[in-house]
1. In the full protein assembly as shown, how much of B:R222 is accessible to a 1.4 Å probe, in Å² to the nearest 10?
2. Please identify which residues in the range A:343-358 have an amide N closer than 19 Å to a label point set 7 Å out from the Cα of A:S9, following the Cα→Cβ vector.
3. Let's see if you can work this out: charge +1 on each Lys and Arg Cβ, -1 on each Asp and Glu Cβ, no other charges. What is the dipole magnitude of the range A:69-209 about its Cα centre, in debye to the nearest 20?
4. How many percent of all Cα-Cα pairs in chain B sit more than 27 Å apart?
5. Show me the trypsin sites (Lys or Arg not before Pro) within the range A:278-350 that DSSP assigns to loop and that have at most 13 other Cβ atoms within 10 Å of their Cβ.
6. Modelled label-to-label distance, A:D135 and B:A117, 7 Å Cα→beta-carbon offset: nm?
7. Considering the Cα trace of the protein assembly as shown, what is its radius of gyration and what is Dmax, both in angstroms?
8. Return the value, in Å² to the nearest 100, of accessible area buried between chains A and B (probe 1.4 Å, both sides summed).
2 protein chains.
Amino acid sequence: MPSLDLTVSAVELTRIICDIPSVSDDETVLADSIHAAIAPLEHLDVYRDGDTIVARTDLGRAQRVVIAGHIDTVPINDNVPTRDISVDGQPFLWGRGTVDMKAGVAVQLKLAAELVAPRVDITWMWYDHEEVDADLNGLTRLARTRPDLFGADFAILGEPSNGEVEGGCNGNLRAIVRTAGVRAHSARAWVGENAIHKAAPILQRLAEYRPREVAVEGLVYREGLNAVRIRGGVAGNVIPDLCEVEVNYRFAPSRSLDEAEAHVRDVLSGFDVEVVDGAAGARPGLDAPLAQEFLAAVRAEPRPKYGWTDVARFSALGVPAVNYGPGDPHLAHHDEERVSVAQIEAVERGLRAWLTGS
Amino acid sequence: MPSLDLTVSAVELTRIICDIPSVSDDETVLADSIHAAIAPLEHLDVYRDGDTIVARTDLGRAQRVVIAGHIDTVPINDNVPTRDISVDGQPFLWGRGTVDMKAGVAVQLKLAAELVAPRVDITWMWYDHEEVDADLNGLTRLARTRPDLFGADFAILGEPSNGEVEGGCNGNLRAIVRTAGVRAHSARAWVGENAIHKAAPILQRLAEYRPREVAVEGLVYREGLNAVRIRGGVAGNVIPDLCEVEVNYRFAPSRSLDEAEAHVRDVLSGFDVEVVDGAAGARPGLDAPLAQEFLAAVRAEPRPKYGWTDVARFSALGVPAVNYGPGDPHLAHHDEERVSVAQIEAVERGLRAWLTGS
């Protein structure tokens, strides 16, 4: 097990933990290293559940903040170990996990070790299985076994946000829209009914759909309704009896999951729609006093988050939550994933300033 | 190797050869049995190439007729061995191959053995691999190794035609129509371009398409232009960058393959169309004197054949060709495949009458 020295710079620590591979389902080595580095720290109460590690201060502060980051990555594609590169003359750290989200985790680990007396109590969470099914997510497990650990006045996820503060997130719904027909030999097509032809109006409505832009608590969320997959047909000489269009609706956090489903059914009325997956969004929650203080301290303008992230879990528990981390989210999962060194340093400065009140 | 007694009735012989499984690529046992039964017959010159067997009379008649049937079937699906069943009080033989086309082959085998002095010379052909890629078809191989065997004035394929005479066949063209887009995370759909949405007009045009009915030499051919398969998309959270619609065009034999391709490109103008497979149809050729005599002898009204069959091979060589066999073509490949006993007997009577001039 590699040992972690938490006194090195956050940039150096990013490199070290990126070079310990931790693709989802294979996080144990990194979790062991983190646990070994954090457990001896006297100002933290440490709890471990599988490959999720929770470390809490217990200073009796009036307020408590959760600061969380996942330690898994999507699969490596020849982009480990990390490399130092230069982009437009600026230093970057290149490699899998640099953006999503080990730079954020490195900043958190360093501050967790150093800040023995922050101005708010802190619950640090480093968790496994974020990049795969929500069922497997370390936070899903923790919420079942130790819901008390989620108690807080504010939460910060270190997901990449270009060093800006991204509030809330859009909701996410997936549905399968089906058309049915009757199989026949394509030499006698008139005996059958073509299910693929019947899907024409589905694609037409989606192509013509104009997504909303919705202001929620001062942030403007862009929605989207898209076909993400389509399939139909059995053979080159058979009239198809089934066509399935998978639709993905990303909806503003002002709309509930039920309202989102009703909207999709309305747009695709007349068709067989089966909702297969859904998660409500999260309101930005930036009107909370602690959130306002945080924004002032890190000197960032809040922006809306479009993708669904674990902030929605906290939002659902009544805890205002934001994303704040180094790295360009467009480069997450990218084979050329790379993080700006300056952003790592800026996020470390921002969090430190707020947590120490300096 | 089961031995075949060609003196039993054509119905009994159908049962026997259906109960010798011969799914494409596995025809050898049946081919061996046929070869062993035919080779000793002194009035026939027998030639074998793989699992294709050719048997010819050489009586010096003024005219020669090819009579051909494939010995392979599509895969068995719990429908072998055959069973005697009754449909609306009429006897049927039920099981894989009964329709497509071992009843036709049984009639041919019986007549090949019995007719030692037909009024025309006959080239019997029983061949393998008809139900799979044309490249593998026994007749494709034979045309390459022994093109001389195809010389004839008329050809009869024993494909199921409900005991009627089906002339010629429609042509067949398959094409892939593609739309391209730009991948993006579906949470930020506006960064990408949705290739599935772009396929809407393709499906719309196909849905609105009205196929022609075309008279060719007195027979009316119905055409058809259909999407037979569609696929697109990579994941539930990615805007798709590619959608592929596979289109199947069945066209009247008055249209050449080039004209058919031009028509498909015209209907789908503005889209990327790649033709992946094509075969011209066959004109019915029923104005040939031998064809007229045949129609009179078997007392059948000619009908158009919609599906592509090996008659097109003969037509392309300048040999008028028809389909004439027992069995409802709609039941070919069906799990409830079954042939009317009366149709087997009628086709045997028809062929015998014509070949003996009685």
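The values are calculated or read from the model by the stated rules, or taken from the named source; none is laboratory data. Quantities reported herein were computed from a predicted structural model and do not represent experimental measurements. Using ideal geometry, Cβ is built from the backbone for each residue, glycine included, and neighbour counts are taken over all protein chains shown. We work out accessible area using only protein heavy atoms, side chains counted, and drop any ligands, DNA or RNA first. Shrake-Rupley method; radii C 1.70, N 1.55, O 1.52, S 1.80 Å.
1. 80 Å²
2. Once the point is set 7 Å along Cα→Cβ of A:S9, A:343-353 turn out to lie under 19 Å by backbone N, inside the range A:343-358.
3. Here the size comes out at about 840 debye.
4. Summing the P(r) tail past 27 Å for chain B gives 52 percent.
5. Here the trypsin sites (Lys or Arg not before Pro) that fit, given the DSSP loop and packing criteria, are A:R299.
6. It works out to 7.9 nm between the two label points.
7. My reading of the Cα-based Rg and Dmax gives 36.1, 114 Å.
8. 3500 Å²
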